[in-house]
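Enquirer: One structure follows; several queries about it will come next.
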Amino acid sequence: MSHTVLIEDDGGVRHLTLNRPDKKNAFSNEQWSAFTDAMLAAQEDDSVKVVLLSGTGGNFSSGQDLSAFMDATADEEHPFARCARTVCAFDKPLIAAVEGIAVGGGATLAMHADVVYVADTLRMRLPFVSLGLVPEFASSYTLQASIGARRAAELFYTAEWINAERALETGIATARFPVEELLPHALDKAREIAQWPVNALRETKRCLKVAHEAGLQAALAAEEAGMEKQAGSAENIEAITAFIEKRPPKF
Ligand code: COA
């Protein structure tokens, strides 16, 4: 059992906690796999009605572990790709309780949640262009679908920081709470959902998502093609080297 994703059951609520606090819960390859396995297990277990996602140490997640970004070899599938497919296909209600850092994959994972609660401490960012990359996790679709094309374009092109107020105002967040109230509130709502029958919840999610399916799949394919061009490009290597060397990049 991996310690990078903590798994707890509370009645029909499965609570998954991203747990790599010293790296702000960045996703190593091992963590992508552990998280994917946990989502698949939650999907298959009929006693699980709803999944609640959160992170330890005051942060949700800083996304892909940049020091491991170049680790996957070209002939093997990156564990992120399996995770993205699994999350896109996840068919039970998903709640995200997002505090502190939610950057890159940490932000775009939260965008797959049906309900997103944020804490006042939120520091969200879609840093893809600043890394010489393109959006991932079908976020080029999910963000537009939830907040509209104009607002999504501004956030992607500027890679600016998004605080709790902006997240709520744009519609990225369902509601905002003082940090100490975030998890208790999210858990209460998850329990409220978990009182209902699992198949009715699943069918409802299917109805809510059906109109989005083609958009999600098209976004995943377009993003994969863009990533193939940009990952490992001179722009991307400079951005990651600068992060590791703790200096501003020179583009
Ligand atoms: N990959 C690898 N390491 C990461 C990381 C990531 N995505 N995010 C944070 N870390 C590490 C830092 O290198 C640092 O490690 P160290 O203590 O060994 O030096 C530690 O986690 C704490 O992060 P730090 O940068 O000191 O915290 P901060 O509060 O000043 O800034 C962030 C937090 C998230 C803003 C900053 O770490 C950052 O920009 N990370 C990169 C996020 C990113 O671009 N992710 C998207 C990838 S697609």
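Enquirer: Just to confirm my filter: which helices (runs of 4 or more DSSP H) fall fully inside the range 185-251 and include at least 1 residues that are out of contact with any strand residue (DSSP E or B) (no Cβ under 8 Å at 6 or more places or on another chain), within 13 Å of the ligand (Cβ to nearest atom) and open to solvent by less than 40 Å² (accessible area, probe 1.4 Å)?
Expert: Output list reads 213-230, 234-244.
Enquirer: If you scan the range 85-102, which residues turn out to be within 16 Å of the ligand (Cβ to nearest atom), outside any helix (DSSP H, G or I) and in contact with a Leu (Cβ under 8 Å, 6 or more places away or on another chain)? Break it down into steps so the answer makes sense when it comes.
Expert: Pass one, the range 85-102, residues within 16 Å of the ligand (Cβ to nearest atom): 87, 98-102.
Cutting the leftovers down to outside any helix (DSSP H, G or I) gives us 98-102.
If the condition is that a residue be within 16 Å of the ligand (Cβ to nearest atom), outside any helix (DSSP H, G or I) and in contact with a Leu (Cβ under 8 Å, 6 or more places away or on another chain), then 98, 99, 100, 102 are the ones that fit.
Enquirer: Here is a follow-up. Suppose the filter is away from the ligand (no atom under 16 Å from the Cβ) and open to solvent by less than 30 Å² (accessible area, probe 1.4 Å); does residue 116 pass it?
Expert: Judged against the criteria, residue 116 is a match.
Enquirer: If you take the residues of the range 127-138 that are within 11 Å of the chain's Cα centre (by Cα) and within 11 Å of the ligand (Cβ to nearest atom), which of them is farthest from residue 156 (Cα to Cα)?
Expert: 137
Enquirer: For residue 26, are the conditions met, namely being more than 16 Å from the ligand (Cβ to nearest atom), on the phi < 0 side of the Ramachandran plot and out of contact with any Pro (no Cβ under 8 Å at 6 or more places or on another chain)?
Expert: Values: more than 16 Å from the ligand (Cβ to nearest atom): no; on the phi < 0 side of the Ramachandran plot: yes; out of contact with any Pro (no Cβ under 8 Å at 6 or more places or on another chain): yes.
Spelling it out, it is not the case that residue 26 is more than 16 Å from the ligand (Cβ to nearest atom), on the phi < 0 side of the Ramachandran plot and out of contact with any Pro (no Cβ under 8 Å at 6 or more places or on another chain).
The values are calculated or read from the model by the stated rules, or taken from the named source; none is laboratory data. This one's a predicted model, so the numbers in the text were calculated from it and none came from an experiment. Cβ coordinates were reconstructed from backbone atoms using ideal geometry, including for glycine residues, and neighbour counts include every protein chain displayed. Accessible surface is based on the protein model in full, side chains and every heavy atom, while ligands, DNA and RNA are left aside. Shrake-Rupley method; radii C 1.70, N 1.55, O 1.52, S 1.80 Å.
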